[in-house]
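Here the structure is laid out as structure tokens; the discussion comes afterwards.
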Amino acid sequence: MAKRLYIETVGCQMNMLDSELVVASLRKAGYEVVDKPAKADTILFNTCSVRQHAEDKIYSALGRLKHAKQHNPDKIIGVLGCMAQKDQRLIFERAPFVDLVVGPGQLHQVPELLEKVAAGEGQQLEVSLDRKAGTRAEIEESFESYDPLRDPQMRPTPYQAFVRIMIGCDKFCTYCIVPSVRGPEQSRPPEHIEAEARQLAAEGCREITLLGQTVNSYKHGANGHTTRLSDLLCRLHDIEGIARLKFVTNFPKDMTDDLLEAVRDLPKCSPYLHVPAQSGPNDVLARMKRGYTVEEYREMLARIYATVPGAAVTSDFIVGFCGETDEDFEATAQLVRESRFKNSFIFKYSERPGTKGASLYADDIPEDVKRRRNNELLAIQNEISEADNQPFVGREVEVLVEGPSKASQKHGDDGPVLQLVGRTHCDRIVVFTGNRRQIGQLLPITIVEANAFTLFGSVVTQHAGPEVYSLG
Ligand code: SF4
């Protein structure tokens, strides 16, 4: 009988991809995926450590499983990903009924570790080396890049896929735990990436999003030749079947001209760039150790708009970072007002033990001030996003249709006509009435309405006029 697996994923696109790969390897080992923990005999959490809240959620979810495990000791419970790497044995201490803890650099071992648990070999812990626990080569080696297997069923749609082009990060922003839990920055060989992209195209995938914590820092050297992200995009651009190429997340300092020119010159490259600024004032940027000033960020933004006119740029911001004054916050608000980002992801600072930020600076901004600044910045951004979307009304855009909209899913629409959702080339969400046959296609849509988050439209009718043949 097939073993039943339930997997819950929190965090970024990297985690979504990791879960896809874990599920692919477990399906190969005879597992089937179920949609509720109660139906499963193996329950895995793929976790995130970027904010305290994300960790708290996992510990509460584990707490809720304690009784299930007491009633059914054969149920296997595992914690994977960043929190596993960060907390390691602490997870067994806080939740002694957990059977396995596996860091993001060891996910290829999950099937084997589950077998060991099932065979009665006790709790299993597999994590990579700490960033100070060896030479760079030894630490790099302990973070295994894990990409060979894909499982289209685990993706939001079969027409879109993430492809990892690098792992780890060497930037060490002071608030961020990623360099510790995801290890040193390592770029994958371009030929491996191309082979994976070709396989995805052969399976019907139309859009590939290249992933890296600092994706534009991608650099792979072999035989005296260096491949940059711009070179990689050129290489992938030729793959038949792939209609769109995107890449996230960019680091401002590494936004080079050759990359912007590739985005401008390669029609399949989406004119969409996510480049987190994080804060406006230079003293906060320096405490965050972001490696650029706000003037340099502005210069980069100007270069983007000059090279790729009409590019959609999005950003991330952290409000309430250590020592952030009202004036500092105003400088951030000003940066948002003038930059006209398509949208911004705004977060309240969450101190992460083990980071430089936690050891050097006091988390001294009260929660209510963080919340107020978060809401204020969000309101500013929403106004900009709405104004940014309005000019699309009356225009025709090309949309990759992803599937039924959330509203259609909620109403259980299963007839031939339903509300569909898709994205433009520059990553704007479009909702329109269509039919299931259109899912996975690139369709022309005329926009009739827009708000801050969504464009609403209708399919452009293709006029196929009567063909007139000469009888002569
Ligand atoms: S660039 Fe900074 S914020 Fe991004 S993953 Fe690396 S350390 Fe974290």
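Taking the Cα centre of the chain as origin and charging only Cβ (+1 Lys, Arg; -1 Asp, Glu), how large is the dipole, in debye to the nearest 20? Don't skip to the answer; put the middle values down first.
On the way: 57 positive and 66 negative charges, 164 e Å.
Computed about the Cα centre, the dipole is about 780 debye.
Label segment 2-89 by shape, choosing from rounded, prolate and oblate, from the square roots a ≥ b ≥ c of the eigenvalues of the Cα gyration tensor; if a/c is under 1.5 it is rounded, and otherwise prolate applies when a/b is larger than b/c, oblate when it is not. Write down the numbers at each step before the final one.
Values: a/c = 2.06, a/b = 1.16, b/c = 1.77.
In terms of gyration-tensor shape, oblate.
Just name one of S19, S359, G212: the one whose Cα is farthest towards the positive end of the charge dipole of the chain (beta-carbon charges, Lys/Arg +1, Asp/Glu -1).
S19
Percent relative contact order of the chain, based on C-alpha pairs within less than 8 angstrom and at least six residues apart? The partial results should precede the final answer.
Values: 901 pairs, mean separation 44.3, N = 472.
Contact order relative to length: 9 percent.
If you plug each phi of segment 263-271 into the Karplus form 6.51 cos²θ - 1.76 cosθ + 1.60 with θ = phi - 60°, what whole-Hz ³J(HN,Hα) values come out, in order, with x for Gly and Pro?
Calculated HN-Hα couplings, in order: 5, 5, 8, 9, x, 6, 6, 5, x Hz.
Pairing rule first: another cysteine's C-beta must sit under 4.7 Å. Under that rule, which cysteines of the chain stay single?
C12, C48, C82, C169, C205, C234, C269, C322, C426
Going toward the positive end of the dipole of the chain, with +1 on Lys and Arg Cβ and -1 on Asp and Glu Cβ, which of Q160, I445, A95 do you reach last?
Most positive-ward Cα: A95.
From the backbone phi of segment 51-60, what are the Karplus-calculated ³J(HN,Hα) couplings (6.51 cos²θ - 1.76 cosθ + 1.60, θ = phi - 60°) in whole Hz, Gly and Pro given as x?
10, 4, 4, 5, 6, 4, 4, 5, 4, 5
Let me have the 222 nm mean residue ellipticity of the chain computed from DSSP H runs of 4+ only, each contributing -39500 (n - 2.57), with the sum over all residues rounded to the nearest 500.
Working: 16 runs with 168 residues, N = 472.
Mean residue ellipticity, 222 nm, calculated: -10500 deg cm²/dmol.
Distance between Cα centroids, segment 6-38 to segment 297-325: provide it in whole Å.
34
5 Å is the cut-off here: which amide hydrogens, built 1.01 Å from N in the peptide plane, fall below it relative to V33, excluding neighbours closer than 5 in sequence?
Hits under the 5 Å cutoff: L5.
Relative to the Cα centre, what is the charge dipole magnitude of segment 258-399, using +1 at the beta carbon of each Lys and Arg, -1 at the beta carbon of each Asp and Glu, and rounding to the nearest 20 debye?
360
Residues with amide H under 5 Å of F247's amide H, sequence separation 5 or more or different chain, H placed in the peptide plane at 1.01 Å from N; which?
L210
Apply the Karplus parameterisation 6.51 cos²θ - 1.76 cosθ + 1.60, with θ equal to phi minus 60°, to every residue of segment 204-211 and state each ³J(HN,Hα) to the nearest whole Hz, in sequence, with x for glycine and proline.
Each residue's phi maps through the Karplus curve to give x, 6, 9, 10, 10, 10, 7, 10 Hz.
In percent, what relative contact order does segment 232-391 have, based on Cα pairs under 8 Å that are 6 or more apart in sequence?
Numbers: 215 pairs, mean separation 33.4, N = 160.
Dividing the mean separation by the residue count of segment 232-391 yields 21 percent.
Which entries of K219/K268; K268/K348; K246/K348; K342/K370 have Cα-Cα distances beyond 29 Å here?
Numbers: K219/K268 21 Å; K268/K348 35 Å; K246/K348 27 Å; K342/K370 23 Å.
Exceeds cut-off: K268/K348.
Around Y175, which amide H atoms from residues at least 5 apart in sequence, or from another chain, sit under 5 Å from its own amide H, with H modelled in the peptide plane?
Long-range HN contacts for Y175: G357.
What dipole magnitude, in Debye to the nearest 20, does segment 159-256 give about its Cα centre under +1 on Lys/Arg Cβ and -1 on Asp/Glu Cβ? Show your work: numbers first, answer last.
Values: 12 positive and 11 negative charges, 58 e Å.
For segment 159-256, the charge dipole is close to 280 debye.
Would you mind calculating the relative contact order of segment 329-418 from Cα pairs under 8 angstrom and at least 6 residues apart, reporting the percent as a whole number? Write out the running numbers ahead of the final one.
Numbers: 39 pairs, mean separation 33.2, N = 90.
Answer for segment 329-418 is 37 percent.
None of the figures in this text is laboratory data; all of them are computed from the coordinates on show. Remember, predicted model here, so these are calculated numbers, not experimental data. In this analysis, Cβ positions are derived from the backbone assuming ideal geometry, glycine residues included, and neighbour counts consider all displayed protein chains.
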